[in-house]
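A quick write-up on the structure given underneath.
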Amino acid sequence: MRIFNSLQRKIASALVIGMAVVLIPASTVLAGWGPSRSTFTWDNTATYITFNSITDNPTVGDERPFLSGKVTTASGNVVDNINVQHNDEVVLRVYFHNNAAANLNLVATNTRVKIFLPTVSATNTFATSFITSDNSNPGAVTDTVDFTGARPFTLSYVNGSARLTTNALNGVQLSDNIVNNTGAQVGYDQINGNVPGCGQFSGFVTIRVRVNMPAAPTPPTTPTVTPTAKPVATTPVAATTLPNTGPGAALGLFAGASAVGSAAHFAVRRLRSRA
């Protein structure tokens with residue numbers, strides 16, 4: 001009925017569920033429903049105890065895809081792919097029917113319903129349900145329902161929400177073990193696991209789950225840094241004493257030169273007078 005986009009995701013889940021319910025080969029949960037089995041019609045029912053194998057049930061149609069659901073506030077009927085948002089409450093519904101002909105008086109014993117919710121956060125995920133019985137053939141049948149969200153999310157079971165409705169019971173509470181491998185016993189007129197053959201003894205099981213879809217984390221704001229001008233390094237210059245070139249210094253310079261010249265001239269004159 002439903003082909004899933006991620007085969008690896010289904011294989012991983014199949015291994016877990018296959019270990020939990022050894023009566024179903026792991027490969028059968030890759031499709032929407034399983035395992036492959038003989039089918040019957042509303043007018044040509046089974047000669048043995050088997051669950052959900054009629055293809056033209058006037059109430060639900062093909063019984064093999066027996067798990068479906070909807071957001072509780074959404075209009076319309078249950079669907080096979082549920083679009084969810086944060087904090088949505090979703091109702092999941094299982095239909096069970098012992099297809100043995102009524103005149104054979106074949107009663108399924110220890111009939112249980114199990115619903116395994118996804119445990120890994122994802123934007124596309126699924127839940128899996130099993131209907132099991134001690135004396136049915138096959139011993140367990142399975143189906144899945146898909147969930148899609150805008151962001152990764154998880155689903156949590158609402159404790160105390162499992163209910164059973166039949167022609168004899170109206171919304172009777174079932175065990176919270178419905179969401180683990182123990183499962184919850186069902187029945188027709190009491191919770192004893194006994195389900196006679198024929199459509200009038202069929203029933204619906206519902207549970208409620210809550211969607212937890214955290215908001216996308218807001219990336220931290222990077223502060224804007226205003227560049228600061230880097231100071232230019234300066235090399236200190238050693239102080240130098242410059243020559244005094246003012247007017248007084250120039251006068252002294254020439255005065256010294258005149259004195260030297262006069263002394264030389266006097267010496268020459270003395271030498272000449274002795275000659």
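The values are calculated or read from the model by the stated rules, or taken from the named source; none is laboratory data. From a predicted model like this one, the values you see are computed outputs, not experimental measurements. Using ideal geometry, Cβ is built from the backbone for each residue, glycine included, and neighbour counts are taken over all protein chains shown. The accessibility values were calculated without ligands, DNA or RNA, using every heavy atom of the protein model including side chains. Shrake-Rupley method; radii C 1.70, N 1.55, O 1.52, S 1.80 Å.
Per the listing Gly256, Gly187, Gly193, the residue uniquely modelled with pLDDT under 65 and either aromatic (Phe, Trp, Tyr) or open to solvent by less than 60 Å² (accessible area, probe 1.4 Å) (or both) is Gly256.
Residue by residue, here is whether (1) modelled with pLDDT of 95 or more; (2) more than 25 Å from Asn105 (Cβ to Cβ); (3) in contact with a Lys or Arg (Cβ under 8 Å, 6 or more places away or on another chain) holds:
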site	(1), (2), (3)
Ser121	yes, yes, no
Pro152	yes, yes, no
Ser156	yes, yes, yes
Leu169	yes, no, no
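When restricted to residues that are in a strand (DSSP E or B) and open to solvent by less than 50 Å² (accessible area, probe 1.4 Å), the range 124-153 contains 19. Does Asn103 qualify as being within 28 Å of Cys198 (Cα to Cα), part of a loop (DSSP other than H, G, I, E, B) and not charged (D, E, K, R)? Spelling it out, it is not the case that Asn103 is within 28 Å of Cys198 (Cα to Cα), part of a loop (DSSP other than H, G, I, E, B) and not charged (D, E, K, R). One residue stands out among those in the range 163-178 that are of a type in the set (Ser, Thr, Tyr) and in a strand (DSSP E or B): the one that is nearest to Thr206 (Cα to Cα), which is Thr165. So which of Thr245, Thr182, Thr240, Thr206 ends up being modelled with pLDDT of 65 or more, among the hydroxyl-bearing types (Ser, Thr, Tyr) and over 19 Å from Thr109 (Cβ atoms)? So the residue among Thr245, Thr182, Thr240, Thr206 that is modelled with pLDDT of 65 or more, among the hydroxyl-bearing types (Ser, Thr, Tyr) and over 19 Å from Thr109 (Cβ atoms) is Thr206. Of the numbered criteria (1) at pLDDT 95 or above; (2) open to solvent by 20 Å² or more (accessible area, probe 1.4 Å); (3) β-branched (Val, Ile, Thr), the one Ile115 fails is (2). Here Asn135, Asn124 are screened, and the one residue that is in contact (Cβ under 8 Å) with a residue 12 or more places away in the chain and over 23 Å from Ala216 (Cβ atoms) is Asn135.
Note on the range 33-61: residues that are surrounded by 12 or more Cβ atoms within 10 Å (Cβ to Cβ) and within 31 Å of the chain's Cα centre (by Cα) amount to 3. Summed over the range 63-88, the residues that are under 17 Å from Asn124 (Cβ atoms), free of Cβ contacts under 8 Å to residues at least 60 places away in the same chain and crowded, with 22+ Cβ neighbours inside 10 Å give a count of 0. Give me the pairs, please: first residue somewhere in the range 104-116 and under 14 Å from Gln190 (Cβ atoms), second residue anywhere and among the β-branched types (Val, Ile, Thr) and open to solvent by 50 Å² or more (accessible area, probe 1.4 Å), beta-carbon distance under 9 Å, and either six or more positions apart or on two chains. Hits for this filter: zero, empty list.
When Gln190, Gln173 are checked against the criterion of being over 16 Å from Val209 (Cα atoms), without any contact (Cβ under 8 Å) to a residue 40 or more places away in the chain and more than 21 Å from the chain's Cα centre (by Cα), a single residue qualifies: Gln190. One residue stands out in the range 196-227 among those that are of a type in the set (Ser, Thr, Tyr) and open to solvent by less than 100 Å² (accessible area, probe 1.4 Å): the one that is nearest to the chain's Cα centre (by Cα), namely Thr206. Which members of the range 30-58 meet the condition of being at pLDDT below 95 and out of contact with any Lys or Arg (no Cβ under 7 Å at 6 or more places or on another chain)? Result: Ala31, single match. Of everything in the range 155-170 that is hydroxyl-bearing (Ser, Thr, Tyr) and open to solvent by 50 Å² or more (accessible area, probe 1.4 Å), the residue that is nearest to Val211 (Cα to Cα) is Ser156. Kindly check whether there is at least one residue in the range 88-95 that is acidic (Asp, Glu) and within 21 Å of Ser161 (Cα to Cα). Yes, there is a match, as at least one residue in the range 88-95 is acidic (Asp, Glu) and within 21 Å of Ser161 (Cα to Cα).
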